[in-house]
Structures are given as structure tokens and as C-alpha cells.
Amino acid sequence: MKSLDEVIKNKLTGLYYRNRILLPFTGYILKIMVDDDILTDFSIENGKVEINEYEEFLELYFLEYEDLTEAISKFESIKLVIVEKDNDIFDFDNHRKILLYLNQNHQLSIEETDEDILFIE
Amino acid sequence: MMDVIRKVTKILPITLFLIFIGFQSGLLAKGAQNGATAQAPVVQAEHAANALPDTFMVVPFILLLIMIATGPLLYKRFWEKHYVKVSLLLAFIVISYYMIFLNDAGSVLHTASEYISFIALLSSLFIVSGGILIKVDKKATPVLNVLFLFFGAVVSNIIGTTGASMLLIRPFIKMNRGRIAPYHIVFFIFIISNMGGALTPIGDPPLFLGFLKGVPFLWVIENVWYIWLPAIALALTAFYFYDASNKKESVSKTEYTGKVKISGYINFVYLGVIILAVFIDPGVISWVPSLSPLPFGLREVIMFAVSFAAYKKADIKILKANEFDFEPIKEVAFLFIGIFATMIPALQLIAHEAKAMGTKLDAGIFYWSSGALSSVLDNAPTYLNFLSAEMGKYGLNVNVKADVINFVLKDPLYLRAVSVGSVFFGAFTYIGNGPNFMVKSISEKAGIEMPGFMSYILKYSVIILLPLFTIIWLLFFFNRG
């Protein structure tokens, strides 16, 4: 399993297929912002997003979207607030702010930010 | 059934275009027969003594405005997917009615040329502003925030409320990192996205529509500044009290450098060109060539060319930092095809009715009525409808430039009331003005939990704006006219 630091440092990419994204790391997702929706309810009944955790990656389905590229332009991003496995979820310093860009050929670029885009805790 | 709808919506834009070309050729042929000049079609259009449309023909306009107001709130997904089809279909109905039943191509042609001017300015300001990034690395204080909002109010008159909102909302949020609250964004919407832009035709779409109709460019600033200034001062004072009571301290780890960094300077040159282009009109400068019978002029060509160049040359890092997206302007472009087309009968009928009402309507009624409607409908068509009504009182036609100029000179009080009402009241709800939703959306993407539709009205608009607008009414419009 790759750490988030490895993914960011080596500029590793994830994948996306229509409303499904695959992230090459795992962790606890606290918040997702897609288009102007702020998603914080990840229970099975939420009807908006489904998260499946595998040993090597995380799989997310955005159930309200048929195709994410219709809602997210090439300059926009999906934003995640995530805590890596084995880190203290209650320590705000461990809340990593990640931007996901939908590139060509199903590639999902992953960047970390704390500078330009705010994620209000 | 869905296939049929899909096919219809695919051919609808082409059909509209063909109808438009049909109008053009018909008018050209008519002009040629009469040995008319190249300007003849437009002139004919303006002076055509057309039959009044059936009252029933305002239904598409009302339906579209209701859907614009309710769509994003009550049936968001359907609206996002189908608003283009809805808008084009309603436009198609009205255009067909004018062409087939009223045989009035002139009104449609005139409206088409206004639409192109309108969307050229709005889209160029939007695209060019998207290539500018402002980073303010200062710790926010209530005084600094007040200065920032005042600066934004002034800037919104130069690059439009849409451009100013897009340019300034992120720096404003970032400046207030750690102490940001919904009221910051709400006041931003009040002051920068709406009230600020009341001084020039570039400031807010209704005023630009007025300019296109013939209201002189400088008329707005000359006639509205003494209302704008106390209104902005009152809003800023209210903001100061809110902000001064916010005791939250920044939780940011980084130190503030106190610097303001601006990237994308070249886009300020583009903005300058766009603003200068507003005056490149044969009606304003005599040597400017007319492209008639085309429904646009050199001004629109320059604006579109500048937008294209600005987008192509833009720094991708800036576009990413601004999360640039064509969707907001695409939405405005398609919705306004519907608004411009469907409001043709509404404008004509209102002007006719207002003439009958005569002196019963005073400036206060125009201020509150245009304001109330602007707060829940789009303020641009509202402004035009009320301008049409005001002019109707004197038997003047809003579609005739000479009539508009005559009206402006004759009775500026009414136009002042409608200009202020349409622009200021756009702040009252999220749906009152285009940038309101855009700012809400950007703020939510930044993680700010914005108030809902009713909560925005009850917690902020009723408490802050209603008393403010009442003061403005008492000072400038009560018992006048």
C-alpha cells in the first residue's frame, strides 16, 4: 500500500471512469467537495457517494453524477479531506487536503494543497 | 419519447438560427426593394408600428422566470441537465409567434442584436477576469475587510459585478482564513456582487441593457452616485458591526507576509480593451463602421476576439487556482436567449398598459416594484420591463433610441428609481443576480456552510437590506414623481 506522501511526491495518478474514481492510497475520508456539493455523510444510505476500501486503493462512486466530466471542468477539482491510515483522526494536523483533477485518458491527478483553496474545518 | 425530445433539442438551435437568417434575408430583400441603406433593417425594426401580441404570449416569459428561480433549488439535477432545452424551446415558441402570426421580424432582429451585445460584454469580462489571480496575504481585521469591500464595490463598476465577484471572492475568503463566517460571504454578495455595480452600465446587466437601449453611459454615475454612496456606507457600517463582534482568531499555521500578489497582469490590458470597446459603436463614434445588416458590430467582434486571446494565453496555474469553468457563462448565455426572446411580448404589453395607467405610478412605486421583482426574478429583464412601463406613461417606445434619450432628459427620477431598485434588490435573494449563486458556489467549494435560500433572506436580507432600502426610499423616492 502506498502512502499519501509517496503518491504526492512521485506524482502518481489515480483513475476515473464516468462517476467512479480510484485512488492509489487508502485512508479515512472526512469530507468531499464535488461541484458545489459538500459531502460528509458516508453511510450506506446516503445515496450520494459510495466508498469501497480495498487493500491497495480506495474506490468512490458519485451516485448523483452520471459522468463527473460533465460537472467538473479541466481547471476544477474534486476536493477531499482525508486522514491516512494509522494516523490520529482527531489531530487536525493529520487532515490532508487533496485536489483531484480529471485529466485525459481516465487519469486522475492528485495534488495536495493548503495554500490557494480553503477547506474550512 | 426521449429520443424525440433529444432530436428536437438537437435541431432547435439550428432551426432558431435558420429562422433568424430568414428574418435577415427578408428584411434585406425589403430594404433592397426600397433602395434603403444598410442601416434600414434595424431602423425599420425600431420604428415598425407592430400589432400588440396576445396577452397569453407572456406565459413563456413567466414560465422561464419561474423555472430559473425554482430550478436550482427544487429540481436541481433536472434543471442542470435540461435548462438549455427549456430556454431554447420557449424562445422558439415566441419567435415563431412573431414570425408567423404577427409577421414582425423587426422586433426579433432588434432583440437578437441586443442579446449579442449583452452576452459579448458579460462573457468577455467573465473570461478575462478568470485569468487574473489576486492573493492577499494579510490578516483580516474589520477595518481591512471594510476597505476591501469598498474597493470591490468600486471595481465592480469597472469589470462588472460578475468579474469583480469572481476576482475577489477567493482573496476575501483567504484573507479571513480561520475567522470566516457566512456573514462575510453574504455581505460580499450584497456589496460587491450587487449594490456596488450601480454606477456604470458595465457594473450590472440591467444598466448595460439600458445603455444598449440609449441611456447615455455617464448618466448612471451622474444620477446615482449620491444614492450609491450612502447605501454602500450603510451596508459597510452594518458589516463592520458584524465583523467587529467576530472574536475568532486565525487558526492558520502560516505567518502573514502582508503582501498582495497579483498574477495575470496582461489580462488588465484585455479588460481595458473591453471597456474601451463598449464605446466603439457607430451611434457613439461616427467613424466607427457599421456591420449592418449583421446583428452585431465591431464592438462585439473586439470583445469576442479579446476573450478568445485571453483564454488561449491564460496561465493554466491561474485558471486552476480560480477553478475556471465555462459553465456559469454558458448558463447565462443560454438562459438569456430564452429571456430576451420571451420578454419581447412582455415589454410591449407593459409599455402599452403603463400608458393607460398614466400618472397613478410614482417613483416610489417604480423603486419598490422593480426592486421586489428583481429580488426574485432576474434583474435585467425586470429593469427593461419597468423602463418600458415608465416610457409607456409618456407614449414613448423603449425600442427607439431617440425616445429613450428624450425620456432620460425629460424625467430622470423614474429611471433613477428603476436603476437603483433593479441593481440593489438583486442582493435580496440568491436568485436576484447571476453572481450571487456563483459566489455561494465558490464559498461552498471552499467548505463554508452557506445559509439556505430562506435563511439567507430571513437572517440577512430582511434584517439588513430591508431597513437599508427603506432609508433609500425615504430619502430619495418617497412622495416624489
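Tabulated data for the structure shown
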quantity: The stretch B:286-317: chymotrypsin sites (Phe, Trp or Tyr not before Pro) in DSSP coil with no more than 11 other Cβ atoms inside 10 Å; calculated: B:TRP287
quantity: Cross-link partners of B:LYS85 among lysines (Cα-Cα below 22 Å; sequence separation of 8 or more within a chain); calculated: B:LYS7, B:LYS10, B:LYS76, B:LYS330
quantity: For the protein assembly as shown, size of Cβ-based charge dipole, Lys and Arg +1, Asp and Glu -1, in debye; calculated: 1400 debye
quantity: Degrees, to the nearest 10: B:327-357 long Cα axis against longest axis of chain B; calculated: 60 degrees
quantity: Overall form of chain A per C-alpha gyration tensor (a/c, 1.5; a/b vs b/c); calculated: rounded
quantity: Cα gyration tensor shape of the stretch B:122-476, rounded if a/c is under 1.5, else prolate or oblate by comparing a/b with b/c; calculated: oblate
quantity: Pairs of Lys in the stretch B:152-264 closer than 19 Å at Cα, counting only those 8 or more apart or on different chains; calculated: 5
quantity: Where trypsin sites (Lys or Arg not before Pro) in DSSP loops with at most 11 other Cβ within 10 Å are excluded, longest remaining stretch of chain B; calculated: B:1-246
quantity: Within chain B, longest stretch free of exposed GluC sites (Glu not before Pro) [DSSP loop, at most 13 other beta carbons within 10 Å]; calculated: B:1-248
quantity: Tilt relative to chain B, helix B:401-410 - C-alpha long axis, 0 to 90 degrees, to 10; calculated: 60 degrees
quantity: Label-point gap, in nm, between B:ILE134 and B:ILE266 - each point 7 angstrom along Cα→Cβ; calculated: 2.2 nm
quantity: ³J(HN,Hα), Karplus 6.51/-1.76/1.60, whole Hz, each residue of the stretch B:155-165, x for Gly, Pro; calculated: 4, 5, 7, 9, 10, x, 5, 5, x, 5, 5
quantity: Qualifying aspartates and glutamates (Cα of each under 20 Å from Cα of B:LYS139; at least 8 residues distant if same chain); calculated: A:ASP114, A:GLU115, A:ASP116, A:GLU121, B:ASP243, B:GLU249, B:GLU255
quantity: Residue (of B:HIS110, B:PRO381, B:LEU167) at the positive-pole extreme of chain B, dipole from beta-carbon charges; calculated: B:LEU167
quantity: Cα long-axis angle, helix B:76-100 against chain B (0 to 90 degrees, to the nearest 10); calculated: 20 degrees
quantity: Cβ charges +1 (Lys, Arg) and -1 (Asp, Glu), total dipole of chain B, debye; calculated: 1340 debye
quantity: Tensor-based shape of the stretch B:391-447 (alpha-carbon gyration tensor, a/c under 1.5 rounded, otherwise prolate or oblate); calculated: prolate
quantity: CD proxy at 222 nm, helix term only [per DSSP H run n ≥ 4: -39500 (n - 2.57); per residue of chain B; nearest 500]; calculated: -23000 deg cm²/dmol
quantity: Rounded to 5, percent antiparallel among DSSP beta bridges of the protein assembly as shown; calculated: 100 percent
quantity: Other protein chain Cβ atoms within 10 Å, averaged over every residue that makes up A:75-81; calculated: 4
quantity: Per-residue mean of C-beta atoms belonging to partner chains within 10 Å, peptide B:76-87; calculated: 1
quantity: Total lysine pairs whose alpha carbons fall under 16 Å of each other in the stretch A:4-112 (8 or more apart, or interchain); calculated: 9
quantity: About the Cα centre, charge dipole magnitude for the stretch A:4-112 (Lys/Arg +1, Asp/Glu -1 at Cβ), debye; calculated: 360 debye
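Each value in this text was obtained by applying a stated rule to the coordinates, not by laboratory testing. Since we're looking at a predicted model, the values are computed, not measured. Virtual Cβ from ideal backbone geometry, glycine too; neighbours counted across all protein chains shown.
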